[in-house]
Amino acid sequence: MSTNDGSDTIDDKPMPLLDHLIELRRRLLWSGAAFLLCFFFCYYFSEQIFSFLAKPLAFVLEAEGGGQRLIYTHLTEAFFTYLKVAFFGAASISFPVIASQVWLFVAPGLYRSEKRAFAPFLIATPVLFTMGAALAYYFIFPVAWKFFASFQSANGAGGLPIQLEAKVSEYLDLVMKLIFAFGVAFQLPVALSLMAKVGIVSSTSLKKYRRYAYVGMFVIAAVLAPPDVITQTGLAVPLILLYEVSIIAAKIVEPKRDAET
């Protein structure tokens, strides 16, 4: 067990419950204001954001020689799709502000050593999420969309052509699901390192159950990704690599029991 030597203190001063509630209200207002500003900004550029998300599909359809368009079949579908784009973009852009407000509310109640311990994880979380989203957009999307578009045929069943006519809402839902799945999956080193930090797991146990973890990665990929081998493998392989990184990170941050005894 660790002991406080006097230099490891809490910077906060005692506050009544009402003051804590006022402080919480202020942090929530700042977070809500940041999200709303980002939402209106993203809605203004929602068409450009959606075009960026649709570029991988556009390139694939152009290479396949198919129709380069997305359709919507309900009058309100395009409008609500752009609302989803704005919400998705606002959540991504405002996350650092919201996370900083949560940290400013919680940090005064932490010891200095606890602040130093949690700071790297707060920085790593958005970085890893961005890496996961980038992997999905720049690698998984082109490969997966090419696979799905390959089922187009000029002479399909009964001589009728089979052509992809993707809907804007369905395409956005799939893109958001994959980006979110890859972003969350890339938080594996953060989660396991935190668990190792508090002693729930250890690098030794992570090594011991490595083979079972590998199987679990493919199960997770099967649940989060669409039911095709390309996307599931594209998620499972990075998860396995991140698991190996987590073992190294756990080795670094786990309590040194030999030094304490």
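Return yes or no: is VAL168 among the β-branched types (Val, Ile, Thr) and more than 16 Å from the chain's Cα centre (by Cα)? So VAL168 fits the description; yes. Any chance the range 110-123 includes a residue that's touching a residue at least 24 places away in the same chain (Cβ under 8 Å) and under 26 Å from THR231 (Cα atoms)? Scanning the range 110-123, I find no residue that is touching a residue at least 24 places away in the same chain (Cβ under 8 Å) and under 26 Å from THR231 (Cα atoms), so the answer is no. Kindly indicate whether ILE123 is among the β-branched types (Val, Ile, Thr) and surrounded by 14 or more Cβ atoms within 10 Å (Cβ to Cβ). So ILE123 does not fit the description; no.
For the range 52-85, the set of residues classified as free of Cβ contacts under 8 Å to residues at least 60 places away in the same chain, more than 30 Å from ASN155 (Cα to Cα) and within 22 Å of the chain's Cα centre (by Cα) consists of PHE52, TYR82, LEU83, listed by residue number.
Of the residues making up the range 170-206, those that are more than 30 Å from TYR82 (Cβ to Cβ) and small (Gly, Ala, Ser) are ALA191, SER193, ALA196, GLY199, SER202, SER203, SER205. Taking MET176 as the residue in question, decide whether it is within 19 Å of PHE129 (Cα to Cα) and either surrounded by 18 or more Cβ atoms within 10 Å (Cβ to Cβ) or over 18 Å from the mean Cα position of the chain (by Cα) (or both). Answer is no for this residue.
Counting only helices (runs of 4 or more DSSP H) that sit completely within the range 146-261, those holding 3 or more residues that are at pLDDT below 85 and among the charged types (D, E, K, R) correspond to 257-260.
Here SER193, SER202, SER150 are screened, and the one residue that is closer than 18 Å to LYS55 by Cα and among the polar types (S, T, N, Q) is SER150. For the structure I just gave you, tell me whether ILE93 is under 23 Å from GLN48 (Cβ atoms), in contact (Cβ under 8 Å) with a residue 24 or more places away in the chain and not charged (D, E, K, R). For ILE93, the condition - under 23 Å from GLN48 (Cβ atoms), in contact (Cβ under 8 Å) with a residue 24 or more places away in the chain and not charged (D, E, K, R) - is met. Among residues of the range 230-250 that are free of Cβ contacts under 8 Å to residues at least 24 places away in the same chain and closer than 13 Å to PHE218 by Cβ, none has a beta-carbon under 6 Å from a residue that is of a type in the set (D, E, K, R) and not in a helix (DSSP H, G or I) at least six positions away or on a different chain.
The values are calculated or read from the model by the stated rules, or taken from the named source; none is laboratory data. These numbers come from a predicted model, not from an experiment. As a convention, Cβ positions derive from the backbone with ideal geometry for all residues, glycine included, and neighbour counts pool all protein chains shown.
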